[in-house]
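This report concerns only the one structure given below.
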Amino acid sequence: MSDLRAQYDRIKPEIDSAIQSVINSTAFIKGPEVTMFEEELREYNGVKHVVSCANGTDALRLALMALGLKAGDEVITSNFTFIATVESIAMQGLKPVLIDPDHGSFNVTAESIKKAITPRTRAIMPVHLFGQCADMENIMELARQHSLYVIEDAAQATGADFIFSNKSVKKAGSIGHIGATSFFPSKNLGCYGDGGALYTNDDGIAGKLRSIANHGMKVRYCYDDIGVNSRLDTVQAAILRVKLRYHDLFNDARRTAADFYDRALAACTGIETPRRMTFSTHIFNQYTIKVKDGRRDGLKKFLESKNIPSMVYYPSPLHSQDAYKYLGCGETDFPVTAQLCKQVISLPIHSEMEQQQLEYITDAVLEFFK
Ligand SMILES: *Cc1c(COP(=O)(O)O)cnc(C)c1O
């Protein structure tokens, strides 16, 4: 699905020397690279503050903690996402209010969010799924009207651009009150272990996030908040500093691969290629197609027989998982999610894909539908 080895080979000297220099310094926790990386990522995203943390799930959880939401408060999010999104809400004693995404974009829309707003709603957590932004302009307007917080789950979309109707452009994660991202190795900006970060333009929220991520401590041994230990370690920050310099190049390479897929598969009537929205660029953390007529699992098996990896993100709606049955959602409440879970399949995509690999994969897909 991804080829982290080939990517490493390409940048090996820089990565190796970055890691070695952290080992030489022995500043493994809160070393200077952490602050330097935060500053560089801040610059890249055009936000006022970046606070790094241990992983993307923590980033979401820290965001909810910093906003001071109370047990039972409702947070609206997508039923079609990675479990971490919903888990972070439930973990804080808040109530995840799940909604269907749009079938075309895989993302929640302002219209569907609006229908789920109740007097207990406090926040909206849109997910920029597979590397393309949700409609942040309309979501922010809706949030403003109802005085709700917006936390962007930008784990799959580091570097995607959101384009407003007045043509101004902002990075995924930099638009809501807080943006959260992950540096899990398979994300577009991935490190060599776990890592995450938060973005905000609000000084107060930034201070709170920084404190909570470090035991609730502002001044040493003075605890203003109940916090956690959630830090990006220095080795990972040093690796990320190198990879951030290549990030746009790597995203462009993924887009080139996606363009090839789009063209090669355009005439294939058995599938639908990913829809690209005019208000967002797409960084293709996943290249996810929809297979019609119940043939998804057949295609997956066929690809397997040709040694082509593929993945189903995501195979089942979250409300039907045992851990989330307590939410009391009806089995048939989410027709779009149910349909997507049966139709989607993601094809290999990464920064090192070769023409030959793309041809081999698309030929196999076309052969299956012949
Ligand atoms: C990966 C991911 C996360 C969590 O990130 P981790 O670093 O693995 O904790 C959260 N939300 C989405 C949508 C993700 O894809």
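The values are calculated or read from the model by the stated rules, or taken from the named source; none is laboratory data. As the structure is a computational prediction, the values presented were derived from the model and not from experiment. Counting neighbours? That spans all protein chains shown, and the Cβs are built from the backbone with ideal geometry, glycine included.
Below are the figures for this structure:
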{"quantity": "Filter result for residue 316 (in contact with a Phe, Trp or Tyr (Cβ under 6 Å, 6 or more places away or on another chain), in the same structural domain as residue 344 (by TED's automatic domain parsing) and under 24 Å from residue 128 (Cβ atoms))", "calculated": "no"}
{"quantity": "Those residues of segment 50-65 which are surrounded by fewer than 24 Cβ atoms within 10 Å (Cβ to Cβ) and of a type in the set (Gly, Ala, Ser), in sequence order", "calculated": "54"}
{"quantity": "Only one of 165, 112, 105, 147 that is among the hydroxyl-bearing types (Ser, Thr, Tyr) and within 15 Å of the ligand (Cβ to nearest atom)", "calculated": "105"}
{"quantity": "Helices (runs of 4 or more DSSP H) contained entirely in segment 32-125, each with at least 2 residues that are in contact with an Asp or Glu (Cβ under 7 Å, 6 or more places away or on another chain)", "calculated": "56-66, 110-116"}
{"quantity": "Residue satisfying condition, being buried (at least 23 other Cβ atoms within 10 Å of the Cβ), more than 10 Å from the ligand (Cβ to nearest atom) and of a type outside the set (A, V, I, L, M), within set 173, 207", "calculated": "173"}
{"quantity": "Some residue of segment 185-194 being more than 19 Å from residue 92 (Cα to Cα) and either away from the ligand (no atom under 15 Å from the Cβ) or not in a loop (DSSP other than H, G, I, E, B) (or both)", "calculated": "no"}
{"quantity": "Given (1) touching a residue at least 40 places away in the same chain (Cβ under 8 Å); (2) in contact with a Pro (Cβ under 9 Å, 6 or more places away or on another chain); (3) surrounded by 16 or more Cβ atoms within 10 Å (Cβ to Cβ), index of the condition residue 285 fails", "calculated": "(2)"}
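Residue-wise test of (1) at pLDDT below 95; (2) among the basic types (Lys, Arg); (3) under 23 Å from residue 126 (Cα atoms).
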| site | (1), (2), (3) |
| --- | --- |
| 176 | no, no, yes |
| 184 | no, no, yes |
| 193 | no, no, no |
| 219 | yes, no, no |
| 231 | no, yes, no |
| 237 | no, no, no |
